Structures are given as structure tokens and as C-alpha cells.
Amino acid sequence: MSHIPTGISARRLVDAVQKLERNLSSAGLPRFVARMPVWWLAWYYCRMLDQKIARITRIRGKFDRWGPAIREASPVAQEKREMLDLDHSMRTDIEFTKVTMRDLGSCCEDIDRMFAQLGYESARLKKRQVAFLALLEASCASATRMQEALTRHDDAVLARLRAEADSATAHAARV
């Protein structure tokens with residue numbers, strides 16, 4: 001049994017494209033014309049990946065800007081006790097974004113398997129897929145660095161608060 005993408009919609013798409021190609025061939029059209037649905041599908045996925053690459057690039061840019069901004073603001077914020085993420089909501093949101101990016105990577109791999117199932121290779125599509133997967137990996141790494149910066153910041157602020165509380169407790173015990 002051949003390996004096809006796990007998504008039901010991808011299976012249906014493979015079946016529909018293969019059926020259309022068979023119908024066009026059986027209608028007497030030359031093979032290159034019968035392959036046009038597959039070519040169109042590859043073009044469509046190239047356009048979709050271009051859009052995803054642009055969007056993920058913007059998201060990565062935000063992570064790349066926010067991480068250093070957190071590290072720079074951290075000493076001042078520690079003094080003012082600002083930016084504390086006690087409920088970890090920022091880190092959770094970042095983790096959700098990373099999970100979504102990993103899911104997009106899995107979809108990209110499914111698309112690659114789908115075209116292999118269709119017996120079609122596109123250098124243009126492969127190039128975009130490689131760029132997309134590399135961008136996703138770099139974006140997840142940038143997001144992880146931001147999460148680490150948040151954790152270091154929170155740890156430093158909480159250590160300062162504990163030290164102040166210990167100092168106040170010690171002062172109260174002496175009085």
C-alpha cells in the first residue's frame with residue numbers, strides 16, 4: 001500500500017486529481033494536457049506557501065524584536081516589578097504558536113507526500129517547501145529564545161521579591 005497524506009481531505013484531493021487525469025487521458029487528450037490539474041495544484045501550493053512564508057516571516061520578526069526588548073527592559077522592569085508573567089499566559093501563547101508552526105510543517109510534509117503519490121515533482125514547489133520548513137524551524141527557535149527570556153526575567157523579579165520579603169521578615173523579627 002502506498003503512503004499518502006493522513007488527512008481525509010488530502011486523500012480525497014489525490015483521488016479527485018487522479019480521476020480527473022484519467023478522465024482527460026481517456027478522452028484522448030495528450031498526457032501533458034491531462035497532467036494540467038496536477039500542475040495547477042502545484043502552482044496553487046506554491047502560491048499558498050509564498051503567502052505562508054510571508055506571514056511566518058512577519059511572526060518571526062516579532063519574536064526576533066521582542067526577545068531582545070525583553071532582555072533590555074528586564075533590569076528596569078525588575079526594579080519596578082513590571083512584566084511579570086505569573087500565570088505563564090505569554091509563554092503559553094508562544095508555545096501555542098510554536099505548536100501551530102510545527103503543524104504547518106507537518107502539513108507541508110503531507111503535501112510533499114501527496115505529490116509523490118501523484119507521481120509529480122516540482123523543483124519550484126520543493127524549493128518553497130524547503131524554505132518554509134527552514135523558516136518554521138528558525139521561527140520556533142526564536143520563539144523558544146523569547147520564552148527563555150521571559151522565564152529568566154520572571155525568575156529574577158521573583159528572586160528580588162523573595163529577597164525583599166525575607167528582608168522585611170527579618171526586620172520585623174528584630175523589632
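The values are calculated or read from the model by the stated rules, or taken from the named source; none is laboratory data. The model shown is predicted, which means the values in this text are computed figures rather than measured ones. We place every Cβ from the backbone using ideal geometry, glycine too, and count neighbours over all the protein chains shown.
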Which numbered condition Ala123 misses (of (1) within 20 Å of the chain's Cα centre (by Cα); (2) modelled with pLDDT of 90 or more): (1)
Scan segment 71-85 and tell me whether some residue there is within 30 Å of Trp40 (Cβ to Cβ) and in contact (Cβ under 8 Å) with a residue 12 or more places away in the chain. no
Looking at segment 114-128, can you tell me whether even one residue there is buried (at least 17 other Cβ atoms within 10 Å of the Cβ), part of a helix (DSSP H, G or I) and touching a Pro at 6+ places or on another chain (Cβ under 9 Å)? yes
From (1) of a type outside the set (Asp, Glu); (2) touching a residue at least 12 places away in the same chain (Cβ under 8 Å); (3) not in a helix (DSSP H, G or I), pick out the condition that doesn't hold for Ala143. (3)
